[in-house]
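Colleague: Take this structure first; my questions come after.
The values are calculated or read from the model by the stated rules, or taken from the named source; none is laboratory data. Just so it is clear, the model here is predicted, and its values are computed rather than measured. Because the Cβ atoms are built from the backbone with ideal geometry, glycine has one as well, and the counts that use them run over all protein chains shown. Only protein heavy atoms, including side chains, enter the accessible area calculation; ligands, DNA and RNA are left aside. Shrake-Rupley method; radii C 1.70, N 1.55, O 1.52, S 1.80 Å.
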Amino acid sequence: MATIFRSEHVGSMVRPARLLDARDAFEAGKISREELTRVEDECILEALELQKQAGIGVFTDGELRRTSYTTDQYDAVEGFAEKYPVVENTKPDGTKVLVEMHTKPVVGKLRQVRRLAKHEADFMREHTPGPWKITMPTPIRALQPAGTPAPAPYGNWDEIQRDVVEIFKGEMVNLAKEGVPYLQLDRVPTGYLTTEGRDRIRATAGVDPEAQWLKEMALENECYDAARAASPNVILAMHYCRGNRVGFGGGVGGYDMIAESGFNGLHVDRFLLEFDTERAGGFEPLRHVPRGKVVMLGLVTTKSDQIETKDALLRRIDEASKYIPVEQLALGPQCGFQSAANRDGASMGIEQEKRKMELIAEVAREAWK
């Protein structure tokens, strides 16, 4: 079993106001790229210090250089649309909101023009005060709607998917060779992996969801296996994401559909799973997690600034241990604290974020004495 970290967070952190101001100034042509990078560096060092003070087990740069968690692939690869699409979603209270989606459609031949995450890893290697990870979105692309032709020069979705996988596989191999200790992919197209999403995906994409899931998992395993071959000790993880933004559901229902095949078939050491609300179902699917793999229970919400109680978290860890040995568990939030650099994209301030990380670390110390 790989090194077990009992506390961590998914990756992204709340953006400081001065970082958002600097990004606006850069986009308006008022400051240079070098000036923006200087502010990013300063804010990342502050984020590392916050994580150190909180006592969290694994460090990230907070994804503070990114405009969204997907930014690196779009900055590093030609052939994607220039802007993120905007869709209308419904908030829990029934009001309509416009939400910027963070998956850009392919509009032409994909061509990598630079490394995806090397610049982030180089800074972390030099400055991190403890174990650290690099996060990237999964290479799995959103499914094409049924009847929608692939953009030239591609003949079908599979050709696009193959190019994306090769780019991500190459990046993960390079990062592993360069000594990145922990690589995490974030899988966002998860709506069809729930019971309620099956009929919808059959109708909109014309595919069988179970067969599609196995096909996509095989592609992800290509990336994981290549990274493992490059560095046998690298820790590999998958975060099954349902989103933390207002008006974004990300799939309602438990992990039942993917539990047996996914927990056993995906070649990772850790699964980061959402369990902060009822939309993710119960802990029963965890009985399928094999020995040697760890589940980070995402019990602390990033969708609200309300601070959970220690006793409630300990009770839920105990509930989960009825289905999986407690030594195979860890604790964290269900999603990132701010997955995009929108001014209204965070559900809390930096101080509340720190309090939640402190709580995660404190509960982990008590649960795994």
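Colleague: So, A330, is that one hydrophobic (A, V, I, L, M, F, W, C) and not in a loop (DSSP other than H, G, I, E, B) or not?
Modeller: yes
Colleague: Sort out which residues of segment 198-235 are of a type in the set (A, V, I, L, M), open to solvent by less than 20 Å² (accessible area, probe 1.4 Å) and either modelled with pLDDT under 90 or touching a His at 6+ places or on another chain (Cβ under 7 Å) (or both), and write them in order of number.
Modeller: Within segment 198-235, just A205 meets the criteria.
Colleague: For segment 153-181, which residues satisfy the criterion of being part of a loop (DSSP other than H, G, I, E, B), touching a strand residue (DSSP E or B) at 6+ places or on another chain (Cβ under 7 Å) and either open to solvent by 60 Å² or more (accessible area, probe 1.4 Å) or more than 22 Å from D269 (Cα to Cα) (or both)?
Modeller: P153
Colleague: On to the next question. Is it the case that some residue within segment 213-221 is among the small types (G, A, S) and part of a loop (DSSP other than H, G, I, E, B)?
Modeller: No, the conditions are met nowhere in segment 213-221.
Colleague: Continuing with the same structure: Out of I360, I350, which single residue is open to solvent by 10 Å² or more (accessible area, probe 1.4 Å) and modelled with pLDDT of 95 or more?
Modeller: Being open to solvent by 10 Å² or more (accessible area, probe 1.4 Å) and modelled with pLDDT of 95 or more holds for just one of I360, I350, which is I350.
Colleague: May I ask you to say which residue of L143, L98, L110, L116 is among the aliphatic types (A, V, I, L, M) and under 22 Å from K303 (Cα atoms)?
Modeller: L98
Colleague: Residues being hydrophobic (A, V, I, L, M, F, W, C) and in a strand (DSSP E or B): count how many of those fall in segment 263-280.
Modeller: 3
Colleague: It is to be established whether one or more residues within segment 78-92 are exposed (fewer than 13 other Cβ atoms within 10 Å of the Cβ), in contact with an Asp or Glu (Cβ under 7 Å, 6 or more places away or on another chain) and either among the β-branched types (V, I, T) or under 30 Å from P325 (Cβ atoms) (or both).
Modeller: Yes, there is a match, as at least one residue in segment 78-92 is exposed (fewer than 13 other Cβ atoms within 10 Å of the Cβ), in contact with an Asp or Glu (Cβ under 7 Å, 6 or more places away or on another chain) and either among the β-branched types (V, I, T) or under 30 Å from P325 (Cβ atoms) (or both).
Colleague: For Q144, all conditions in the list (1) surrounded by fewer than 13 Cβ atoms within 10 Å (Cβ to Cβ); (2) over 30 Å from K177 (Cβ atoms) hold save one; what is the number of the exception?
Modeller: Of the numbered conditions (1) surrounded by fewer than 13 Cβ atoms within 10 Å (Cβ to Cβ); (2) over 30 Å from K177 (Cβ atoms), the odd one out for Q144 is (1).
Colleague: Right, something else. Which residues, counting only those in segment 281-315, are assigned to a helix (DSSP H, G or I) and either crowded, with 18+ Cβ neighbours inside 10 Å or free of Cβ contacts under 8 Å to residues at least 40 places away in the same chain (or both)?
Modeller: E284, P285, L286, R287, H288, D311, A312, L313, R315
Colleague: From the set of residues in segment 316-347 that are touching a residue at least 60 places away in the same chain (Cβ under 8 Å) and among the hydroxyl-bearing types (S, T, Y), which is surrounded by the most Cβ atoms within 10 Å (Cβ to Cβ)?
Modeller: Restricting to residues being touching a residue at least 60 places away in the same chain (Cβ under 8 Å) and among the hydroxyl-bearing types (S, T, Y), the top hit is S339.
Colleague: Considering segment 1-25 alone, what residues qualify as being in a helix (DSSP H, G or I) and open to solvent by 30 Å² or more (accessible area, probe 1.4 Å)?
Modeller: The answer is A17, R18, D21, D24.
Colleague: In contact (Cβ under 8 Å) with a residue 24 or more places away in the chain, surrounded by fewer than 20 Cβ atoms within 10 Å (Cβ to Cβ) and of a type outside the set (D, E, K, R), is that true of Q53?
Modeller: Answer is yes for this residue.
Colleague: Take A28 and tell me if it is modelled with pLDDT of 95 or more, surrounded by fewer than 21 Cβ atoms within 10 Å (Cβ to Cβ) and farther than 30 Å from P232 by Cα.
Modeller: Yes.
Colleague: Restricting the first residue to segment 29-48 and requiring it to be farther than 23 Å from G130 by Cα, which pairs with a second residue that is in a helix (DSSP H, G or I) and of a type outside the set (S, T, N, Q) meet a Cβ separation below 7 Å and a spacing of at least six or different chains?
Modeller: I31/A22; I31/A25; R33/F26; L36/A22; L36/R23; L36/F26
Colleague: Okay, moving on. Would you please name the residue that is nearest to the chain's Cα centre (by Cα), looking only at residues in segment 255-270 that are of a type outside the set (D, E, K, R) and within 16 Å of C223 (Cα to Cα)?
Modeller: Checking each candidate, the answer is V268.
Colleague: Report yes if R111 is of a type in the set (D, E, K, R) and surrounded by fewer than 14 Cβ atoms within 10 Å (Cβ to Cβ), otherwise no.
Modeller: Answer is yes for this residue.
Colleague: Return only the number of the condition from (1) farther than 19 Å from A341 by Cβ; (2) of a type in the set (A, V, I, L, M); (3) touching a strand residue (DSSP E or B) at 6+ places or on another chain (Cβ under 8 Å) that A76 does not satisfy.
Modeller: Answer for A76: the failing condition is (1).
Colleague: Here's a follow-up. When you go through G349, G332 one by one, which is the residue that is farther than 26 Å from F263 by Cα and small (G, A, S)?
Modeller: Just a single option satisfies the conditions, and that option is G349.
Colleague: Can I ask one more? Take E260 and tell me if it is closer than 30 Å to A227 by Cα, open to solvent by 20 Å² or more (accessible area, probe 1.4 Å) and modelled with pLDDT under 95.
Modeller: Spelling it out, E260 is indeed closer than 30 Å to A227 by Cα, open to solvent by 20 Å² or more (accessible area, probe 1.4 Å) and modelled with pLDDT under 95.
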